[in-house]
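The values are calculated or read from the model by the stated rules, or taken from the named source; none is laboratory data. The structure presented is a predicted model; accordingly, all values stated were derived computationally and were not measured. Virtual Cβ from ideal backbone geometry, glycine too; neighbours counted across all protein chains shown.
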Amino acid sequence: MAKIDAFFQLMHDQGASDLHLVSGQQPALRIRGEMERVKFDVLTNDGLKAMLYEITPEHKVKQFEETGDIDFAYEIPNLARYRANYFQQKYGVAAVFREIPSTILTAQQLGLPPVVSQLATLPRGLVLVTGPTGSGKSTTLAAIIDEANRVRKDHIITIEDPIEFVHKSQSCIVNHREVGIHTKTFSSALRGALREDPDVILVGELRDLETISLAVEAASTGHLVFGTLHTTSAAKTVDRIIEVFPSSEQMQIRSTLADGLRAIIAQVLFKRVDKKGRCAALEILIANAAVRNLIRESKTFQIPSMIQTGKKYGMQLLDDAIMDLLNRGWIGADDAYIKCNDKAKFRPLLKSPPTDFTEV
């Protein structure tokens, strides 16, 4: 048993999402979104490095010594998997570990709207799950892929850096590929995937022009493609994809994206005030004919009003989802105000509204 495993056991017992180990500081856990110190000695650079290297693959140690930054996955059987990131900082080495539960929760267990599960049965197209870091994108995607794995009879390929949730083949054949170990880049894996008879492709992160271009192309040629972006709303997600391309290609990509897009889920995570735990608020855009026309005609600013009128398709605005959580008593008004898009809508609900310096 590695020395560091005791921290992972503590992390699991405390229900923490992240473990922070930093030279010159005490260890810390992120519990329900907030950092809490662990009663432990201050970590020295040499001691922490020895502890980290005990669980690090040899080729990753070499890469870290050369670049000062690595990602990989670490697993403790019967406990959990962990996404690890090591980096060099002013006072020495530091590491952050994100727990990836070994049990994949269903969309129903996560409290997601029914339309989210239905995305797993789409025959083709592009589905994007977006949000800031730590907003639960991977958990939502895992629930969708798990649903596809149970109800379809197809070939699923996941491309991640590193592999997070591990899906055991059920009705589908599932293949996991890790960037840096099984393939060089997301784009090379995606290009190869098109020759591997896939039905469903999960791309862990749409990072660059080539990967985005290949994902849109795959979605337009009969595959169901899932991916993530760090955007905060459906409209901004469409704009982000289009803006990645040179201006001379943007009209073409608008048309291709409009044809291939099926749904965008933008989510944020909240700490619950009624009990221990967290919950997600989702903005859901379903790409019907009217939405596709808005994308083609460069009218993405009208997408929010289209979501508002598309409730019968399962669409919902992020602010409406936040308001629903607030009315249920699951989240606090201050937290809702901080993470909403329309501040004016939530401002009257605060006991002492702050001065919003962003609007001064």
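Among all residues of the stretch 180-191, there is none that is among the β-branched types (Val, Ile, Thr), in the same structural domain as residue 223 (by TED's automatic domain parsing) and buried (at least 21 other Cβ atoms within 10 Å of the Cβ). You will find that of 252, 267, the residue that is without any contact (Cβ under 8 Å) to a residue 12 or more places away in the chain and either closer than 18 Å to residue 119 by Cβ or in a helix (DSSP H, G or I) (or both) is 252 and no other. Of the strands (runs of 3 or more DSSP E) entirely within the stretch 123-183, those holding at least 1 residues that are touching a Pro at 6+ places or on another chain (Cβ under 6 Å) occupy 155-160, 173-178. When 240, 278, 262, 254 are screened for being assigned by TED's automatic domain parsing to the domain that holds residue 305, touching a helix residue (DSSP H, G or I) at 6+ places or on another chain (Cβ under 6 Å) and surrounded by fewer than 23 Cβ atoms within 10 Å (Cβ to Cβ), only 254 passes. Residue 320: charged (D, E, K, R), closer than 29 Å to residue 13 by Cα and in the same structural domain as residue 135 (by TED's automatic domain parsing), yes or no? Here the answer is no, as residue 320 does not meet what is asked.
For first residues located in the stretch 188-215 and on the phi > 0 side of the Ramachandran plot, partners that are of a type outside the set (A, V, I, L, M) and surrounded by 16 or more Cβ atoms within 10 Å (Cβ to Cβ) and lie 6+ apart or on another chain with Cβ distances below 6 Å form the pairs 197/155. In this structure, is residue 107 in contact with a Ser or Thr (Cβ under 6 Å, 6 or more places away or on another chain) and either in a loop (DSSP other than H, G, I, E, B) or surrounded by 18 or more Cβ atoms within 10 Å (Cβ to Cβ) (or both)? Taking the combined requirement at face value, the residue satisfies it. Determine whether residue 175 is out of contact with any helix residue (DSSP H, G or I) (no Cβ under 8 Å at 6 or more places or on another chain), surrounded by fewer than 18 Cβ atoms within 10 Å (Cβ to Cβ), free of Cβ contacts under 8 Å to residues at least 40 places away in the same chain and not assigned by TED's automatic domain parsing to the domain that holds residue 60. Taking the combined requirement at face value, the residue satisfies it. When the stretch 120-160 is filtered for residues that are basic (Lys, Arg), within 27 Å of residue 235 (Cβ to Cβ) and at pLDDT 95 or above, only 124 remains.
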